[in-house]
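In what follows, a single structure is set out as C-alpha cells and then discussed.
None of the figures in this text is laboratory data; all of them are computed from the coordinates on show. Since we're looking at a predicted model, the values are computed, not measured. FYI the Cβ positions are ideal-geometry reconstructions off the backbone, even for glycines, and counts take in every protein chain you see.
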Amino acid sequence: MIPAMLAWIQAYLAEQRQLVDSLPKEEIARWVSLLKKNRQAKRSVFICGNGGSAASGSHFAVDLGKGASGMMAGQATRDQARFRVQTLHDNVPWLTALGNDLAYEDVYVEQLKNFAAAGDILIAVSVSGNSPNVVKAVRWANQAGLVTLGLAGNRPGNQLAQLTRHVISINSGHYGRVEDIHMMILHMLCYAFIENAA
C-alpha cells in the first residue's frame with residue numbers, strides 16, 4: 001500500500017513540476033507591471049472566483065492589501081502607496097441578496113457596477129473558465145474599460161481565456177493542480193512587491 005502511494009505522490013509532484021516549468025514568466029512579469037501602475041494611479045483591484053478559486057482570491061487580497069502594501073509583521077510604511085483591493089465573493093449577505101433577487105450569474109457584475117471604474121483591474125480566477133458569474137463580470141468589465149486578467153485551466157470551451165485581455169491558462173484540467181499553480185502565481189504577484197522586486 002505504501003509503495004503504491006509513494007509512486008502516486010511522486011507522479012503527482014512530477015506533473016506539478018512540469019506545470020511550474022511551463023509558466024509564462026513574461027506574462028507574470030507583465031501582470032506585476034500592471035499592478036504597479038494600478039497602485040501608482042490609486043486605482044482599484046477586484047477579484048472574483050468560485051469555490052477554491054474564491055478562496056485563492058481571498059488569500060491574494062490579504063497578501064496584496066497587507067504585505068504588498070508595506071505592512072509585513074506589523075511594520076507599516078506610511079509613505080508607501082497601498083493597493084486598493086477588494087474581493088467580490090466575501091460579502092456573503094450582499095452575494096446572497098443578489099443571487100436571490102436577481103440571479104447567481106449577476107452576483108459579481110452588480111457589485112462591479114457599484115465600485116469599478118475605467119482603468120481598474122479585475123482578476124478573474126476559474127479553472128473551467130466557464131463560470132457564468134465570472135464570465136459575465138469579465139464581459140461587463142471589458143465594456144467598462146477595466147483591465148481584465150484571467151487565471152484559468154485547460155478545460156473545453158474556456159471562455160475566460162478568450163475574454164480576458166491578459167490570460168494565464170494552466171495546461172491541465174485537474175482542479176487541484178491548477179488551483180495550486182494559480183495560488184503560486186498570485187503569491188508571486190504579491191511577493192514581487194513584498195521583496196521589492198517590482
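Residues of segment 149-193 being within 16 Å of SER33 (Cβ to Cβ) and surrounded by fewer than 19 Cβ atoms within 10 Å (Cβ to Cβ), which ones?
Result: ARG165, HIS166, MET188, TYR191.
Could you check segment 121-140 and list, in sequence order, the residues that are touching a residue at least 60 places away in the same chain (Cβ under 8 Å) and either under 23 Å from LYS37 (Cβ atoms) or surrounded by fewer than 22 Cβ atoms within 10 Å (Cβ to Cβ) (or both)?
Listed by number, the residues that qualify are ILE121, LEU122, ILE123, ALA124, VAL125, ALA137.
Is it the case, given these coordinates, that VAL107 is within 14 Å of the chain's Cα centre (by Cα) and in contact (Cβ under 8 Å) with a residue 24 or more places away in the chain?
Against the criterion (within 14 Å of the chain's Cα centre (by Cα) and in contact (Cβ under 8 Å) with a residue 24 or more places away in the chain), VAL107 does not qualify.
Which numbered condition trips up THR148, out of (1) in a helix (DSSP H, G or I); (2) within 14 Å of ILE47 (Cα to Cα); (3) of a type in the set (S, T, N, Q)?
It is condition (1) that THR148 fails.
Residue-by-condition table, conditions (1) farther than 16 Å from ALA152 by Cβ; (2) among the polar types (S, T, N, Q); (3) outside any loop (DSSP other than H, G, I, E, B):
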position: VAL20; (1), (2), (3): yes, no, yes
position: LYS36; (1), (2), (3): yes, no, yes
position: LYS42; (1), (2), (3): yes, no, no
position: ALA55; (1), (2), (3): yes, no, yes
position: SER58; (1), (2), (3): yes, yes, yes
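What about LYS66, is it crowded, with 18+ Cβ neighbours inside 10 Å and without any contact (Cβ under 8 Å) to a residue 40 or more places away in the chain? Let's see the steps before the verdict.
On the way: crowded, with 18+ Cβ neighbours inside 10 Å: yes; without any contact (Cβ under 8 Å) to a residue 40 or more places away in the chain: yes.
When the stated conditions are applied, LYS66 passes them.
Among (1) touching a Lys or Arg at 6+ places or on another chain (Cβ under 8 Å); (2) of a type outside the set (Asp, Glu); (3) within 26 Å of ASN171 (Cβ to Cβ), where does VAL109 come up short?
Only one criterion in (1) touching a Lys or Arg at 6+ places or on another chain (Cβ under 8 Å); (2) of a type outside the set (Asp, Glu); (3) within 26 Å of ASN171 (Cβ to Cβ) is unmet by VAL109, namely (3).
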